[in-house]
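Student: Before we start, here is the structure in question, set down as structure tokens.
The values are calculated or read from the model by the stated rules, or taken from the named source; none is laboratory data. These numbers come from a predicted model, not from an experiment. Backbone-built Cβ (ideal geometry, glycine too); neighbour counts: all protein chains shown. Each accessible area value is taken on the protein alone, full model and side chains, heavy atoms only, with ligands, DNA and RNA left out. Shrake-Rupley method; radii C 1.70, N 1.55, O 1.52, S 1.80 Å.
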Amino acid sequence: MPEPVKDSNKTDTTSGEVPNIGQQLAGKYMTFKLASEEYGLAILRVREIIGLMDITRVPRTKEFIRGVINLRGKVIPVVDLRMKFNMPSTESTDQTVIIVVQWLVSNNATTMGILVDEVLEVLNIAAEQIEPPPELYSRNGETDFILGIGKADKRVICLLDIEQVLSKDETMHLRSLEASEA
Amino acid sequence: MLNDIKTSTKLLFGFGLAIAVTLIIGIVGRQALVTASEHMDDIGKNRMPSLYGVQEMIAGQLHVAAGQRGLVNRRMMEHGVRQGNYDEIATGLRQAADGRKVYEALPMAPEEQRIWSSFVPRWDEWQRNVQSTVDIEKEKDALLSSGAKGDDPRVTQIDDKAMEFMSRARDARSESNKALADIARLNNDFGKTAVQQSEAAASKNISVMLTAMFIGSMIAAVVGLSIARSIKNALDALHREATRLAQAAVAGQLATRADVMVVPAEFRGIVQGVNDTLDAVINPLNVAADYVDKISKGDIPPKITDTYNGDFNVIKGNLNKCIDSLSGLLGTMSTMYEAQRAGDIEAYVDVTQFQGAYRQLAQGVNDGVKSIIDNTLTILDTVSSYSEGDFTPVMRRLPGKQVVANERMDKLRQNLMALVADAKVLSIAAVEGKLAVRADASKHQGDYRKIVQGVNETLDAVIGPLNVAANYVDRISKGEVPAKITDNYNGDFNVIKNNLNQLVNNLNQLVDDMGVMSKQHDAGDIDVKIPEERFEGAYRVMAKGVNDMVFGHIAVKKKAMACLAEFAAGNFDAPLEKFPGKKVFINENIELLRRNSKALVTDAIMLSKAAVEGKLATRADASKHQGDFRKIVQGVNETLDAVIGPLNVSADYVDKISKGSIPAKITDTYNGDFNTIKNNLNQCIDAVNNMVADAGLLAKAAVEGKLATRADASKHQGDYRKIVQGVNETLDAVIGPLNVSADYVDKISKGNIPERITDTYNGDFNTIKNNLNKCIDAVNRMAGDATMLAKAAVEGKLATRADATKHEGDFRKIVQGVNETLDAVIGPLNVSADYVDKISRGNIPPKITDSYNGDFNTIKNNLNRCVDAVNSLVADTETLVRASIEGKLSTRADASKHEGDYRRIVDGVNKTLDAVIAPVMEAAGALETLARYDLRARVTGDYQGDHARIKDALNGTAKALQDALSQVADAVEQVSEASQQIAGSSQAVSQGASEQASSLEETSSSLEEMAGMTKQNADNTIQARSLAQTTKEAAEKGGTAMIRMTDAMEKIRAASQGTADIIKDINEIAFQTNLLALNAAVEAARAGDAGRGFAVVAEEVRNLALRSKEAAKKTEDLIKVAVGHAENGRVITNEVAGSLTEIVTAAAKVNDIVSEIAVASQEQSRGIEQVNTAVAEMDKVVQTAASNAEESSSAAEELASQSEELSSLVQRFELDRDNRTASRRHAPAAKEAASPRRAAMHPATIPPPRRGAVIVNRAKRPNGANGTTHKPSPEDLIPLEKDPEFQDF
């Protein structure tokens, strides 16, 4: 179970070292659903999964930011991934959960919740099950956040680089939110 | 004269003259010119060079003189200038010498010679002096060059010498110059003379030439004009001839040709050409006309074999076609005839060669054209031969009339060439048969145009009818016989027209006769012939050929027909003789026909046998036959297929229809008769269906009792209509008598007994009629008996009974019943009457001890009670009477012993006694006074109430008596009248009562029946009510059960909801567990290898969570289904509950209605009983009323006598006459006083209804008992108008 290296994630998507990408990305992924599509998050990015709780809106934030929650005394921002991915917004269901993710940015842990339709499972994706993202997607570099495409049975799982999902500015914004609330 | 000369000769002559004149002119001119030339020679060769030489000499002298002067001049001492002067002198000398040489060479005139000889010494002198001057000067030059100065004397000497020389030279020169001038003058004079001479010669020559020219021109003009006129004449003649030809052609005179002799010889070629053209055109025309003529006369000429071109070929083709068709017809007919007669013979008509004239025409035209060209060439040759010298171009260029002549010649030549060309074109076109070709007249001018137009018109006139004829011949050759030509043509065209018309006539005649014959033959008259004698030539041959052929055919045909007739008669073995030649084919064909027919017959027999045996599948073997016979057999087979297919279908349908199973309509498409069959079957199905529908309708109507309903026969057709009409008539026959009997029964049931039925019916209807009549008789008898009984009852003959033996069956039972009823009614009635009678008579009988039933018992009891009451009343009355007799006015009857009104009577009596006794005393006194007829007595005591009223009454009575008695006499009269009226009324009442009695009898019997029916109704209703009740209860039970069920469902739903909540909880738990498991997995992942086990556990936990979620989901689904079912059940239950509620409501309503019906029925029953009772009582009352009426009547009579008695009594009274008027004023008071009695009566006269009769009966008794003492008024006895019952009644 090789741990996906944070630095390599960024470089791999752009450098396109096809033979290595599977081995680099193989590992456990927390899979979840948005609409009918499946996405995967590297397990080590996931802090925990919590059920849907009251989200406090923060004024004058971007639309995809649902607000902040109080997670055991710690205020973290919650991002609506549907909104972020330009999907139509829907009402929350009893399956809607918040996946709390965390990663380090210059030794500062960035924590945030992402709102997904349904959490599926912790899936072990082997190297041969992973393919690089097709060039088609990478137009304008807007889809850099896709690490690769995982295949399980007949399903297709978009492996997300959560750090790329939000741009640096947005991340900073989130962090400022987090800091201001903290 | 001139005309006879050939134009060429004329032209030659003319040209000759012209040339001669020209020659003269030329010679004269030449002579003149020679003279002039000589002069000019002299001038040019002698004079002019002489002058030149003279002039040269003079010029040279002048040069020399100038040089001399230069040399002499001292101012011109330069060497160059001097040298120039030397040169000048040299040149001058040379020039002078040249001039002298020139002049000396020339011949000199004598004068000249003379002058010249004088000149020469001077000239030489001059020359010497000049030379001397030059020499001196050269010395001077040498001197000067040696250095001598100008003013050197030597030089001056030289100069002087030079001057001298020079002056000498000048003198010589002037003299020589003089001579030279003379010479020049002389030469000039010579020249002038020569010029004058030549001028004179020229002018002479000019006049000569002019004269010659004039003469020549005149001659040329005369000749030209004459030639022109001759040509014009010739052209005119040509034009005339052309016009004449054109007119002749238009007139149809095709034989007309142009007269060659009228035109000049040169033009005869043209005319000849035109004639030839016409010949070429008209020849074929004539040939065609001849042919047409021949053809029209039936003389068929041989074919035209010549070769024609263009339209002639068409005409030829048409003619040949015509000939071909005609001769072909003839040939074919004769060939056919011959062939028919002797087998197959062929004949061919040989056609001789036809030689056309077109070649000649062409040749002629060519010759004509050639001669024209030759003539023209001759002229040209002549002209050219004349102009062969140098004069040819001059001549051409010459102006004036010669050119005109020349141009005319050219123009003439051109026109003639054009004409010739057109004639050539026309003749070539004519030879080629292009008859439409015409010359272009616009290319020509003047008469030439007329010529061309004339030729064109000639061609038009010729070719127009030609085309018509060609068209007719073409149409005739194509067999289309056109109408006759009615246009007018002239000459040969008319012949052509007539021939064509004759041809048309003959053809039409032939066609008509053939048509007639064929028509007659078609009509069967095969002996008809074409009348041959009517035709000529080939037409007759044709007609005869047709006749022969036809009869030959008919002969053979008759034989063949005889054989065929045998065939037709069915004898296929009939023999046929062998025909010769090709007619054998008839034998062969007939034999083949025989064979085929036999085969066909065999197959037909086979098929018919099979058909007879019903083997509809059997088919003939078509392969055994050939040609149309095969088609016949195939046709028969297909026909059989086609017939049997639909036959089977229709058989099937008919089978179904016959079995009553009406099939659906046939929707397949058939053709022809099968379609008819199909339509008939469909119609049959429709008709049967309609019949069934109508039968159903009738049956339904009959069941519903709508006997007037009939089937609509017009909807059906044929026998179906007859069936329906039969059914309708049957219904009419059945229902007619039925209606009559129903009407009768109706009338009978309504009591309106009709007359006997006298109509005649048959069978069962007769039985019905008889039964009805019997019924009518029985009812009539019954009615008679009832009337009789009623009458007897009215008459009080209660013993009268109907004779039951007169009636039969139930009627007898009815009568017996009535009799028994009467017995039953009258027995007790008699007893009660007896009792009442006794009671009324005061003879109170003992109590009735017999036992009666029902109402009679009531009557009995009432009577007994009445007896008791009356007995006690009598006893009390006796007591009171006794006491009152004894004067014991205080004695009172014991009212408690009595009941009801009796008690009231007794009480009343007692009270009356109490109240009465006090005032009675005074009243007694007053009355005593009154009794003494002293009507003035009055009661004076102060009384109140009734006593006051008694007092007032008494007083009033007294007064009234006083008043009344005075009027009593009148009153008595009135009373008498009133009693009469009463007697009448009583009579009427009595009559009414008897009528009532009979009505009551009927009512009674009807009521009897009604009672029975009502009872049954009541019973049924009770049963229905109990049933309805049971239903209602059952429904109510169902309702409660439903409510329980709904509750149960609701509980299920509630429980499901609870379960759903639990499942939601479970789901929530599963969800949370899943999250926990996932978080655990995350944690395990974070722990790396250490967390691997934990990851497994987390995975398991997650699986458990998923499983529990799934299980919860399944359960939820199941519960959802259950809830759905429960909900469904609830809805259904609600519906059922609603239905049950409706049932309960309905049942309750039914129950209520039935209950109401039951109650109503019971009430009805009771009411009917009461009515019955009432009727019975009414009966009694009526009886009583009747007797009372009689009594009233007698009472009225009695009243009359009593009124008389009264009047006598009144006489006895003493009346206060003064008070009479006053007493009258008190009459109302008297009435008031009388009212208590009436008031006392009222309670008795207004009893409860059923007690009324009894009261009346009771009222009778005092009447009977105290008849003499107290006479009640009829109104008192029977207050009819006051009794409400009677008023109602």
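Student: If a residue must be not small (Gly, Ala, Ser) and not in a loop (DSSP other than H, G, I, E, B), how many such residues does the stretch B:658-682 contain?
Tutor: 10
Student: Considering only residues that are more than 18 Å from B:Asp124 (Cβ to Cβ) and either open to solvent by less than 30 Å² (accessible area, probe 1.4 Å) or not polar (S, T, N, Q) (or both), which ones fall in the stretch B:79-96?
Tutor: Scanning the stretch B:79-96 gives B:His79, B:Gly80, B:Val81, B:Arg82, B:Gly84, B:Asn85, B:Tyr86, B:Asp87, B:Glu88.
Student: Condition first: within 60 Å of the chain's Cα centre (by Cα) and either surrounded by 13 or more Cβ atoms within 10 Å (Cβ to Cβ) or in the same structural domain as B:Met517 (by TED's automatic domain parsing) (or both). Now tell me which residues in the stretch B:563-597 satisfy that.
Tutor: Across the stretch B:563-597, the qualifying residues are B:Leu564, B:Glu566, B:Phe567, B:Ile586, B:Ile590, B:Leu592, B:Leu593, B:Arg594, B:Arg595, B:Asn596, B:Ser597.
Student: For the stretch B:681-739, which residues satisfy the criterion of being among the polar types (S, T, N, Q), within 41 Å of the chain's Cα centre (by Cα) and open to solvent by less than 70 Å² (accessible area, probe 1.4 Å)?
Tutor: Answer for the stretch B:681-739, where residues must be among the polar types (S, T, N, Q), within 41 Å of the chain's Cα centre (by Cα) and open to solvent by less than 70 Å² (accessible area, probe 1.4 Å): B:Asn682, B:Asn689, B:Asn690.
Student: Let me ask another. Suppose we filter B:Ala242, B:Ala251, B:Ala228, B:Ala265 for residues that are closer than 22 Å to B:Asn501 by Cβ and open to solvent by 10 Å² or more (accessible area, probe 1.4 Å); which single one remains?
Tutor: B:Ala251
Student: Could you please give the count of residues in the stretch A:97-118 that are open to solvent by 10 Å² or more (accessible area, probe 1.4 Å) and within 11 Å of chain B (Cβ to nearest Cβ)?
Tutor: Count: 2.
Student: How many residues does the stretch B:740-796 contain that are part of a helix (DSSP H, G or I), over 30 Å from B:Asn1188 (Cα atoms), open to solvent by 40 Å² or more (accessible area, probe 1.4 Å) and hydroxyl-bearing (Ser, Thr, Tyr)?
Tutor: 2
Student: Among (1) on the phi < 0 side of the Ramachandran plot; (2) outside any helix (DSSP H, G or I), where does B:Gly842 come up short?
Tutor: (1)
Student: Look through B:Ala1041, B:Ala1035, B:Ala997, B:Ala993 and report the one residue that is open to solvent by 30 Å² or more (accessible area, probe 1.4 Å) and not β-branched (Val, Ile, Thr).
Tutor: Result of the check over B:Ala1041, B:Ala1035, B:Ala997, B:Ala993: B:Ala1041.
Student: Kindly list the number of the only condition in (1) touching a His at 6+ places or on another chain (Cβ under 9 Å); (2) over 30 Å from B:Val825 (Cα atoms); (3) open to solvent by 20 Å² or more (accessible area, probe 1.4 Å) that fails for B:Pro919.
Tutor: With (1) touching a His at 6+ places or on another chain (Cβ under 9 Å); (2) over 30 Å from B:Val825 (Cα atoms); (3) open to solvent by 20 Å² or more (accessible area, probe 1.4 Å) applied to B:Pro919, the lone miss is (3).
Every residue, every condition in (1) touching a residue at least 24 places away in the same chain (Cβ under 8 Å); (2) open to solvent by less than 60 Å² (accessible area, probe 1.4 Å), yes or no:
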| site | (1), (2) |
| --- | --- |
| B:Leu23 | no, no |
| B:Arg30 | no, no |
| B:Thr35 | yes, yes |
| B:Arg75 | no, no |
| B:Asp98 | yes, no |
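Student: Right, here's the next one. For the stretch B:1070-1101, give me each residue that is among the β-branched types (Val, Ile, Thr) and facing another protein chain (nearest Cβ under 8 Å).
Tutor: B:Val1082
Student: Picking from B:Asp628, B:Asp655, which residue would you name as being charged (D, E, K, R), in a helix (DSSP H, G or I) and more than 29 Å from B:Leu593 (Cα to Cα)?
Tutor: B:Asp655
Student: One residue is enough: does the stretch B:463-473 have a residue meeting the conditions under 50 Å from the mean Cα position of the chain (by Cα), in a helix (DSSP H, G or I) and surrounded by 17 or more Cβ atoms within 10 Å (Cβ to Cβ)?
Tutor: There is at least one residue in the stretch B:463-473 that is under 50 Å from the mean Cα position of the chain (by Cα), in a helix (DSSP H, G or I) and surrounded by 17 or more Cβ atoms within 10 Å (Cβ to Cβ).
Student: Contact list please: Cβ distance under 8 Å, first residue in the stretch B:653-675 and modelled with pLDDT of 75 or more, second residue among the hydroxyl-bearing types (Ser, Thr, Tyr) and in a loop (DSSP other than H, G, I, E, B), pairs at least six apart or on different chains.
Tutor: From the stretch B:653-675, the pairs are B:Asn675/B:Thr669.
Student: Let me ask you something else. On the basis of being touching a residue at least 12 places away in the same chain (Cβ under 8 Å), away from chain B (no Cβ under 14 Å) and surrounded by fewer than 16 Cβ atoms within 10 Å (Cβ to Cβ), does A:Glu37 make the cut?
Tutor: Taking the combined requirement at face value, the residue satisfies it.
Student: Looking only at the stretch A:51-68, which residues are among the hydroxyl-bearing types (Ser, Thr, Tyr) and open to solvent by less than 70 Å² (accessible area, probe 1.4 Å)?
Tutor: Within the stretch A:51-68, A:Thr61 is the sole residue that qualifies.
Student: Which members of the stretch B:100-113 meet the condition of being in a helix (DSSP H, G or I) and either of a type outside the set (D, E, K, R) or surrounded by 14 or more Cβ atoms within 10 Å (Cβ to Cβ) (or both)?
Tutor: B:Arg100, B:Val102, B:Tyr103, B:Ala105, B:Pro110, B:Glu112, B:Gln113
Student: Return yes when B:Asp171 is part of a helix (DSSP H, G or I), at pLDDT below 80 and out of contact with any Ser or Thr (no Cβ under 7 Å at 6 or more places or on another chain) and no when it is not.
Tutor: When the stated conditions are applied, B:Asp171 does not pass them.
Student: Inside the stretch A:69-87, can you point out the residues that are open to solvent by 10 Å² or more (accessible area, probe 1.4 Å), in contact (Cβ under 8 Å) with a residue 40 or more places away in the chain and more than 14 Å from every other protein chain (Cβ to nearest Cβ)?
Tutor: Of everything in the stretch A:69-87, those that are open to solvent by 10 Å² or more (accessible area, probe 1.4 Å), in contact (Cβ under 8 Å) with a residue 40 or more places away in the chain and more than 14 Å from every other protein chain (Cβ to nearest Cβ) turn out to be A:Lys74, A:Val75, A:Arg82, A:Lys84, A:Phe85, A:Met87.
Student: Can you say whether B:Glu1009 is closer than 30 Å to B:Ala1186 by Cα, open to solvent by 60 Å² or more (accessible area, probe 1.4 Å) and free of Cβ contacts under 8 Å to residues at least 60 places away in the same chain, as far as the supplied structure shows?
Tutor: yes
Student: Working carefully through the options B:Ala470, B:Ala418, B:Ala405, B:Ala430, find the one that is at pLDDT 75 or above, among the hydrophobic types (A, V, I, L, M, F, W, C) and on the phi < 0 side of the Ramachandran plot.
Tutor: B:Ala470
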